[in-house]
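> My questions all concern the structure below.
Derivation of every value follows stated rules applied to the coordinates shown; laboratory data play no part. All values reported here derive from a predicted model rather than from experimental measurement. All Cβ positions, even for glycine, are placed from backbone atoms using ideal geometry, and neighbour counts span all protein chains on display.
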Amino acid sequence: MASSGTTSIPQRVTGAEFIVHFLERQGIRIVTGIPGGSILPVYDALSQSTQIRHILARHEQGAGFIAQGMARTEGKPAVCMACSGPGATNLVTAIADARLDSIPLICITGQVPASMIGTDAFQEVDTYGISIPITKHNYLVRNVNELPQVMSDAFRLAQSGRPGPVWIDVPKDVQTATIELEALPPPAEKSPSPDFSAESIREAAAMINAAKRPVLYLGGGVINAPARVRELAEKAQLPTTMTLMALGMLPKAHPLSLGMLGMHGARSTNFILQEADLLIVLGARFDDRAIGKTEQFCPNAKIIHVDIDRAELGKIKQPHVAIQADVDDVLAQLIPQIETPPREAWHQLVADLQQEFPCCIPQENTHLATMD
């Protein structure tokens, strides 16, 4: 006897619709960009979404910086879009900036049909090649069946480890080809932070407890650890300097705050750093604008360097203790081992240097000079 049951037919959607469905599942509620010929299939699919709102930028660079702002404030990847050719090249500055500032972005651009890549077709540029040095990772999707893995990997990579932008270049024929909706992967999650040894924590704690003139040096990598950063600074009584990306971790009026260091920082802060015997570097790189001449920066200081990005450890200054890990995870184990040793002489020297080299802002002359 024949079965009376019915077999459901898998729903097929276009690659463009698949991209939008994935963004919805990922929790994306705002996308910014400018439509153009090679990305129109995605925009057509986006117009049917009831979950995603589109913000029309006036320039693709603006779309990239709008997405940056969203990623910075929400702490998760944000999405910008553009067409091929001039649309893609206009995004370059914003994406390069996101790479340098470690901001998680997903940049989706249209491209000429896959069969026409390399023929100098209308508005064709080598987006994949251009984006290699300015992204954390990039993709050129040549087959619609690659989309599930590419979209999932892109969101995972953008927010894992040291965050950064991921660029997905999608040819127009890939956007219009069809794929089963069942291939839609679950939302991409952040990869676990790397493990680190308990011995390195004990060694770092011993160095901090023994130091006579320690300084805490904060960078953008502490963005998710404000409470523990402050707890460490106050418990160990550490004068604390910050890069531009870390300003606000300690309020300006906090007695331990030294403000910014380097060419844009206070003179007193730079002199204080030169007196340090220990530098505890959390989530910061030794940028040339911050440290000046490498060999002359903190010449008498031992260095503890904690950063999620292994490439930053030992790249400029060689640390005595290097820990590749998330700053918050490290501080959770480090703080209980920290003592509060007396450092009155060090704090007095800090105060003396701040008094000797004050940050003075000249009073403006509000009177207009008269012409003879």
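> Computed from the coordinates I sent, semi-axes √(5λ) of the Cα gyration tensor in Å equals one of (1) 34, 26, 17; (2) 48, 26, 17; (3) 42, 23, 17. Tell me the label.
(2)
> Could you tell me which of rounded, prolate or oblate describes region 198-356, using a ≥ b ≥ c as the square roots of the eigenvalues of the alpha-carbon gyration tensor, with rounded for a/c under 1.5 and, failing that, prolate when a/b is larger than b/c and oblate otherwise?
Working: a/c = 1.34, a/b = 1.14, b/c = 1.17.
Since a/c stays below 1.5, the shape of region 198-356 is classed as rounded.
> Restricting to DSSP loop positions (anything but H, G, I, E, B) with no more than 15 other Cβ atoms inside 10 Å of their own Cβ, which trypsin sites (Lys or Arg not before Pro) remain in region 190-229? It would help to have the intermediate numbers written out before the result.
Details: sites: 190, 202, 212, 228; in loops: 190, 212.
Those satisfying the criteria are 212.
> If you filter region 29-112 for trypsin sites (Lys or Arg not before Pro), then keep DSSP loop positions with at most 10 other Cβ within 10 Å, what is left? Don't skip to the answer; put the middle values down first.
Details: sites: 29, 53, 58, 72, 99; in loops: 29, 58.
Taking region 29-112 and a limit of 10 other Cβ atoms within 10 Å, the loop trypsin sites (Lys or Arg not before Pro) found are 58.
> Here's something else I'd like to know. Out of all DSSP beta bridges with both ends in the chain, state the antiparallel percent to the nearest 5.
Details: 3 of 46 bridges.
Given both bridge residues lie in the chain, the antiparallel proportion sits at roughly 5 percent.
> Residue 159: net charge of surrounding residues, Cβ under 9 Å, Lys/Arg +1, Asp/Glu -1, itself excluded?
Values: positive: 76, 156, 190; negative: 189.
Net local charge, residue 159 excluded: +2.
> Quick one: net charge around residue 27, please, counting Lys, Arg +1 and Asp, Glu -1 for every other residue with C-beta under 12 Å from its C-beta. Intermediate values should be presented prior to the final figure.
Values: positive: 25, 29, 76; negative: 24, 74, 189.
Neighbourhood net charge equals 0.
> Related question: With the contact rule set at Cα under 8 Å and sequence spacing of 6 or more, what percent relative contact order holds for the chain?
Values: 711 pairs, mean separation 51.7, N = 372.
For the chain, the relative contact order is 14 percent.
> Just to be sure I understand the curve: with the Debye formula and one point per C-alpha of region 96-187, what is log10 I(q)/I(0) at q = 0.20, 0.21 Å⁻¹?
The Debye formula, applied to the Cα set alone, gives -0.96, -1.02.
> Test of understanding: in a Gaussian network model of the chain with alpha carbons linked when under 10 Å, which of 317, 293, 252 would top the mean-square fluctuation ranking?
Looking only at 317, 293, 252, the biggest GNM fluctuation is shown by 293.
> Still on this structure, please answer the following. Please give the net charge around residue 345, taking every other residue with its beta carbon less than 13 angstrom from that of residue 345, where Lys and Arg add +1 and Asp and Glu add -1. Please report the intermediate quantities before stating the final value.
Working: positive: 212, 213, 343; negative: 275, 277, 344, 352.
Net charge around residue 345: -1.
> Return the subset of 293/315; 212/302; 235/317; 136/190 for which the Cα-Cα distance in this structure is over 23 Å, preserving the input order. Walk me through the numbers on the way to the answer.
Numbers: 293/315 14 Å; 212/302 12 Å; 235/317 26 Å; 136/190 15 Å.
In this structure, 235/317 exceed 23 Å between Cα atoms.
> Please work out the Cα center distance from region 316-350 to region 145-185, rounded to the nearest Å.
Result: 40 Å between the Cα centres.
> Cα gyration tensor of region 45-171, axes a ≥ b ≥ c as square roots of the eigenvalues: rounded (a/c below 1.5), prolate (a/b > b/c) or oblate? Walk me through the numbers before you get to the answer.
On the way: a/c = 1.37, a/b = 1.34, b/c = 1.02.
Because its axes are fairly even, with a/c under 1.5, region 45-171 counts as rounded.
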